[in-house]
Amino acid sequence: MGKINAAITGVHGWVPEYRLTNDELATMVDTSDEWIMQRIGIRERRILKEKDMGSSYMGARAVKGLLEKTETSPEEVDLIIATTVTADMAFPANANIIADLVGLKNSWGYDINAACSGFIFTLQTAVQYIESGRYKKVIVVGSDKMSAITDYTDRTTCPLFGDAAAAVLLEPTTEDVGIIDHIFGVDGSGRHYLHQKAGGSARPASHKTVDAKEHFIFQEGQAVFKFAVTKMADVSVEMMKKHNLTSKDLAWLVPHQANMRIILATAKRMGLEREKVMINIERYGNTTTATIPLCLWEWENQLRKGDNIILAAFGGGFTWGSVYIKWAYDGKK
Ligand code: UT7
């Protein structure tokens, strides 16, 4: 028997209805549509307004839609791996909650946290289970309710983030398609530039941490920007070189959507025209673990079997990486 590859055989996304526009943000902090569009490239982001609902609520909706469109019964799923930085609770994992909400009765699961690289790190983890030959249907779901940890009095972070979820189904194939390769890195010394200070075991929640706003995203934007531009481009170009891919050979770049300037700088280093880059940052902002599968979902109709695709991400930690995929099916499922 030929080598077993792991292929994405379906993708589905879910976004909340509420649109937080730049104009509405400008009533909350000293900012403007012009500044946000110029420096970040975001016009609006979705916000989950449902009371007491967290990221698993959105993740479950994405997974439910994925099962329906791929005609997969919940009992068939062997494993679900969730990725998030805004889990409903410190424990149990979002994967448990989503499995319960969707009825994955024969599945086990767990969460992975790699900040904005969460989706690609989790995808690659899922690939190992499929390639081992033991697993037939594995779901990877990224869901983040970034509005839960965003300080809407801080103009340097509040325009950046939004809420969303998206999921993919992975199945085995012996055809020459699927997830081909990955190049990943972490540098923990970067943790100081982008993190949530309190709420973990080092600084448990207290009146003091709440008063000091330490449960919100902290970011030194410029430092993160410099690393993100370099690393995302380096790792994508490295992947192209490793597989002798020219910009002509590539059908798509699917970049993490943190800042339009980072996306365009990465595409430029790869020699890719803008038409080959999936960009939806303008409508959703940075949804952390959901950005990449959300793009795949929105562009699914245009994808063709055999398309060479590079996924690229950079995030808190620091974490970064690229994944090389040969797409496994034509158009929308
Ligand atoms: O997904 C995880 C990885 N995260 C990232 O990749 C994010 C990386 N960083 C960034 O995207 C950018 O650094 C930001 C978008 C966060 C900020 O853009 P910047 O071009 O680096 O701006 P800056 O921080 O250098 O600020 C420039 C000026 C400052 O004013 P002064 O000191 O020059 O007077 C800021 O106070 O812009 C000001 N500013 C704003 N003005 C209007 C900062 N935020 C705003 C705002 N509206 N929202």
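What the table shows:
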| read-out | value |
| --- | --- |
| Filtered residue count, the range 24-33, keeping only those that are more than 9 Å from the ligand (Cβ to nearest atom) and of a type outside the set (A, V, I, L, M) | 3 |
| Of residues in the range 198-228 being out of contact with any Gly (no Cβ under 7 Å at 6 or more places or on another chain) and aromatic (Phe, Trp, Tyr), the one nearest to the ligand (Cβ to nearest atom) | Phe225 |
| Single residue of Ile36, Ile81 found to be away from the ligand (no atom under 16 Å from the Cβ) and of a type outside the set (Ser, Thr, Tyr) | Ile81 |
| Boolean, Thr289 is within 22 Å of Ile112 (Cβ to Cβ) and within 16 Å of the ligand (Cβ to nearest atom) | yes |
| Residue check, Tyr152 assigned to a loop (DSSP other than H, G, I, E, B), in contact (Cβ under 8 Å) with a residue 40 or more places away in the chain and touching a Phe, Trp or Tyr at 6+ places or on another chain (Cβ under 6 Å) | no |
| Residue satisfying all of: in the range 95-147; in contact (Cβ under 8 Å) with a residue 60 or more places away in the chain and of a type in the set (D, E, K, R); surrounded by the fewest Cβ atoms within 10 Å (Cβ to Cβ) among these | Lys136 |
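A quick yes/no check of all residues on (1) part of a helix (DSSP H, G or I); (2) more than 19 Å from the chain's Cα centre (by Cα):
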| residue | (1), (2) |
| --- | --- |
| Met232 | yes, no |
| Arg261 | yes, no |
| Arg304 | no, yes |
| Phe314 | no, no |
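This table checks each residue for (1) in a helix (DSSP H, G or I); (2) in the same structural domain as Met260 (by TED's automatic domain parsing); (3) closer than 25 Å to Gln196 by Cα.
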position: Arg46; (1), (2), (3): no, no, yes
position: Lys64; (1), (2), (3): yes, no, no
position: Glu68; (1), (2), (3): yes, no, no
position: Glu71; (1), (2), (3): no, no, no
position: Ala87; (1), (2), (3): no, no, yes
position: Ile98; (1), (2), (3): yes, no, yes
position: Leu104; (1), (2), (3): no, no, no
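The values are calculated or read from the model by the stated rules, or taken from the named source; none is laboratory data. In this text, all values refer to a predicted model and were calculated from it rather than measured experimentally. Neighbour counts run over all protein chains shown; Cβ positions are idealised from the backbone, glycine included.
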